[in-house]
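Below: the structure, in structure tokens.
The values are calculated or read from the model by the stated rules, or taken from the named source; none is laboratory data. All values reported here derive from a predicted model rather than from experimental measurement. Here the Cβ positions follow ideal geometry from the backbone for every residue, glycine too, while neighbour counts run over all protein chains shown.
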Amino acid sequence: MQSSDSVWVIMPVYNEEESLSHVLDAWLPTFRAHLKNFTFCILNDGSKDSSIEIMNSYAETNSEINVVDKPNSGHGQSCIYGYQLAIEGGADWVFQIDSDGQCNPAYFKACVDASKNSQVVYGYRRTRDDGWKRFYISRVVSLFIWIATGVWVRDANVPYRFMHVDSLKPIVNHVPKDFHLANVLVSTYQKYRFGIHWVNIHFDDRFGGEPSVKLSLFAKHGVVLFKQLRAGFKAVKSI
């Protein structure tokens, strides 16, 4: 990444009133310290709590923040929408994080440094505080991807990813609207086409609230994901 490049930060939000101020207070100084030109695009995914009021309050006093209020479409599809907005807005790079406080700013500089030699940089959740079950699910997702596509992605749904828009433009308009965990298809395509540089990160526990995807639903999503990956990757691998 060059110092003059434009970076769009994409952060979907769904009912994160407990964590939102904490996340914004932690990340805004980090972006200002390491980026000269950035837009912090916060997507309200149909929250039913006071999240939108908190976003708008921060936007009033922080010119870098752009709040997008949209109907609920789920986390993955919100990310895809954010990527599209970034491309349309002239971004050179896109950085995606979650709004629940699990993404620690301490590793951002390492991602920026790695982007000097790589178009796609992901955090790898080497250690995490959100429990062994979610660690196990992440490994199962990687196995599903490999069986379905022949591509091994170490941490396919990690919400800590720094991507040049050239790695996103070919695929963002080809992700089906009903694709569960849409970021997984993006990860698989980027690994296949561009390769991924991994930066070891520690994944914090949630600052508050509840995960948008419950562990009890992963089995159901896993079956659907496997079928969609087979069809979806076949459709995009030749792009």
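Below are the figures for this structure:
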{"read-out": "Test: residue in segment 200-210 that is at pLDDT 75 or above, of a type in the set (Phe, Trp, Tyr), in a strand (DSSP E or B) and surrounded by 13 or more Cβ atoms within 10 Å (Cβ to Cβ)", "value": "yes"}
{"read-out": "Count of segment 50-87 residues which are out of contact with any helix residue (DSSP H, G or I) (no Cβ under 8 Å at 6 or more places or on another chain) and without any contact (Cβ under 8 Å) to a residue 40 or more places away in the chain", "value": "11"}
{"read-out": "Qualifying helices (runs of 4 or more DSSP H) (wholly inside segment 5-105; at least 1 residues being hydroxyl-bearing (Ser, Thr, Tyr) and under 18 Å from the mean Cα position of the chain (by Cα))", "value": "20-34, 75-88"}
{"read-out": "Any hit, segment 135-146, residues being touching a Gly at 6+ places or on another chain (Cβ under 9 Å), closer than 21 Å to Phe108 by Cβ and not hydroxyl-bearing (Ser, Thr, Tyr)", "value": "no"}
{"read-out": "Boolean, Ile97 is crowded, with 16+ Cβ neighbours inside 10 Å, touching a residue at least 12 places away in the same chain (Cβ under 8 Å) and either out of contact with any Cys (no Cβ under 7 Å at 6 or more places or on another chain) or acidic (Asp, Glu) (or both)", "value": "no"}
{"read-out": "Members of segment 42-72 found to be of a type in the set (Gly, Ala, Ser) and surrounded by 18 or more Cβ atoms within 10 Å (Cβ to Cβ), listed by number", "value": "Ser47, Ser51"}
{"read-out": "Residue check for Cys111: assigned to a loop (DSSP other than H, G, I, E, B), touching a residue at least 24 places away in the same chain (Cβ under 8 Å), out of contact with any Lys or Arg (no Cβ under 8 Å at 6 or more places or on another chain) and among the hydrophobic types (A, V, I, L, M, F, W, C)", "value": "no"}
{"read-out": "Every residue from segment 2-38 that is touching a Ser or Thr at 6+ places or on another chain (Cβ under 8 Å), surrounded by fewer than 22 Cβ atoms within 10 Å (Cβ to Cβ) and under 24 Å from Asn117 (Cα atoms)", "value": "Ser6, Lys36, Asn37, Phe38"}
